[in-house]
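J.: Here it is, the structure, as structure tokens.
The values are calculated or read from the model by the stated rules, or taken from the named source; none is laboratory data. Here the structure is a predicted model, which means the values were calculated and not measured. Ideal geometry is used to build each Cβ from the backbone, glycine not excepted, and the neighbour counts take in all protein chains shown. Heavy atoms of the whole protein, side chains included, go into the accessibility calculation; ligands, DNA and RNA do not. Shrake-Rupley method; radii C 1.70, N 1.55, O 1.52, S 1.80 Å.
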Amino acid sequence: MKKITILFSLKITALTALIMMAVACTSSDTSLKDAFSDHFLIGTAINGPQVHGVDPEARPFIIRHFNSITAENAMKWEKIHPDPDRFHFALADSIVDFGLQNDMFIVGHCLLWHSQTPDWVFQDSLGNPLTRDALLERMRDHILTVAGHYKGKVKGWDVVNEAVDEDGSLRKSKWLEIIGEDYIQKAFEFAYEADPDAELYYNDYNNELPQKQAGVVALVKDLQQKGVKIDGVGIQGHWHLDSPDLKVLDESISAYAALGMKVMITEMEVNVLPTPPEVYGADISQQAQYLETLNPYKGGLPDSVQKQLTRRYADLFGVLLKHRDAVTRVTFWGIHDGYSWKNNWPIYGRTNYPLLFDRGYQPKPAYFELIREAKK
Ligand code: G3I
């Protein structure tokens with residue numbers, strides 16, 4: 001009798017183990033893009049070395065999990081148009097070719113930004129500030145050349161990036177100073193001229209927060225009233241364990257969707273490190289000083305924080321899935337923790353854990369939780 005009981009319990013244990021293995025396999029076998037295929041695109045920011053095989057694991061990993069890509073840096077003005085008469089397309093071309101070969105929705109980032117734009121853009125050959133007309137001509141040439149080069153290949157452009165300040169007013173950039181408020185309208189018109197079939201987006205960080213959101217809503221309405229084509233609003237999503245408030249995110253998506261905008265989370269990650277309150281955004285001109293106390297997880301992420309990260313991702317995706325009719329894409333800003341810009345901003349040289357995959361390409365608990373959320 002004892003023998004039968006032992007055999008029986010062994011069988012049960014083996015069966016349970018098999019079921020658990022099957023469940024684990026199903027979750028880790030499901031790729032992110034497949035799990036969310038009924039809801040929205042899943043994208044990632046990538047760089048040249050990943051595509052060129054410098055990190056041999058990167059290419060197959062990107063192909064497996066993502067159906068949309070954004071060049072993290074390669075299409076920014078300083079990279080793609082470093083000198084007045086020189087466009088440098090090689091790096092961005094290899095990223096676009098990779099996307100095309102793998103049937104991915106390719107996002108162009110970005111045509112106009114106050115940052116990463118060389119000083120010469122705003123000056124004449126003698127170093128004097130350009131006139132409005134001359135800067136408009138230079139802007140048109142840049143947009144037509146870059147968006148024209150990728151016509152039919154890049155399916156959506158971040159036409160204007162981060163043009164609104166935290167209080168909802170227009171950012172005091174060189175573009176605004178020299179051209180005036182209509183520089184945004186002009187940028188969208190030039191992008192349309194370059195590729196009428198591409199989707200055109202306004203992209204920003206913190207634009208889920210009420211004041212900035214009001215500024216972006218006003219901007220979109222203004223463009224619409226003028227008959228300018230704009231298809232969507234990108235909420236970058238440089239988020240934290242404790243902010244933004246889910247209700248705020250929920251309301252901002254509704255506000256943009258009510259204008260007929262497609263909504264995208266374009267640069268998502270969740271910071272787990274202590275953050276000085278003045279740098280809760282993504283303004284890369286801000287830096288804070290390194291302190292050991294601000295880099296607490298050098299040796300690994302404690303379970304308690306891993307759980308918080310998992311919960312936070314589930315909560316944020318709960319809101320995004322609720323708005324699946326309006327949300328067309330969620331792009332993560334980096335393929336795994338080791339590639340995240342959040343290791344070096346706002347404080348250089350920290351160890352952050354903001355993405356779904358760890359430094360060894362292993363899925364984190366948040367990944368499995370999102371796969372479950374997607375199937376609900
Ligand atoms: O490529 C050079 C390398 O040759 C050099 O040795 C090294 C030394 O500093 O710098 C490398 O360039 C860096 C580049 O990233 C590539 O790693 C730049 O210094 C650095 O400023 C740049 O940072 C990027 C930042 O935008 C500024 O362009 C981040 O990778 C990128 O994640 C970040 O992305 C922005 C979005 O475009 C817009 N929204 C905010 C987001 C975060 O700042």
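J.: Between the alpha-carbon centers of the stretch 113-127 and the stretch 252-292, tell me the distance in whole angstrom.
T.: Each part's Cα centre sits 26 Å from the other's.
J.: Please report, in whole Å, how far the alpha carbons of the stretch 97-204 spread along each principal axis, starting with the longest.
T.: For the stretch 97-204, the Cα extents along the three principal axes come out at 45, 35, 22 Å.
J.: Using helices alone, I'd like the mean residue ellipticity at 222 nm for the chain: each DSSP H run of four-plus residues gives -39500 (n - 2.57), total over residue count, nearest 500. It would help to have the intermediate numbers written out before the result.
T.: Working: 13 runs with 156 residues, N = 376.
One gets -13000 deg cm²/dmol as the mean residue ellipticity at 222 nm.
J.: Can I ask one more? Based on the Kirkwood radius over alpha-carbon pairs, what value in µm²/s does the Stokes-Einstein equation return for the translational diffusion coefficient of the stretch 314-376 at 37 °C and 0.692 mPa s? Don't skip to the end; give the middle numbers.
T.: Details: Rh = 13.0 Å.
D = 253 µm²/s.
J.: Got the relative contact order for the chain handy, in percent, Cα pairs under 8 Å and 6 or more residues apart? Intermediate results must be reported in sequence, preceding the final value.
T.: Working: 624 pairs, mean separation 58.8, N = 376.
16 percent.
J.: Would you mind giving the three semi-axes, in whole Å and largest first, of the ellipsoid equivalent to the stretch 163-218 according to its Cα gyration tensor? List each step's numbers first, then the result.
T.: Working: eigenvalues 93, 48, 11 Å².
Those come to 22, 15, 7 Å.
J.: Give me the number: length gained by fully extending VAL248 to GLN123, i.e. 0.36 nm times residue separation minus the C-alpha to C-alpha distance, one decimal in nm.
T.: Numbers: separation 125, 0.36 × 125 = 45.00 nm, distance 4.06 nm.
Using 0.36 nm per residue and subtracting the Cα-Cα distance, I get 40.9 nm.
J.: Name the residue farthest towards the positive end of the dipole of the chain from the options ILE46, PRO363, SER94, assuming +1 on Cβ of Lys and Arg, -1 on Cβ of Asp and Glu, about the Cα centre.
T.: It is PRO363, whose Cα lies furthest towards the positive end.
J.: OK, next. Ignoring ligands, DNA and RNA, what percent of the 1.4 Å accessible area of the stretch 118-173 is carbon and sulfur?
T.: Working: 1280 of 2560 Å².
Summing carbon and sulfur atoms, their accessible area is 50 percent of the total for the stretch 118-173.
J.: Let me ask another. I need the Kirkwood Rh of the chain: take the reciprocal of the average 1/r across all distinct C-alpha pairs and report it in angstrom. Please list the in-between numbers first.
T.: Working: mean 1/r = 0.0455 Å⁻¹.
Computed over Cα pairs of the chain, the Kirkwood hydrodynamic radius comes out at 22.0 Å.
J.: Treating each Cα of the stretch 178-313 as an identical point scatterer and ignoring solvent, apply the Debye formula and state log10 I(q)/I(0) at q = 0.09, 0.22 Å⁻¹.
T.: -0.36, -1.35
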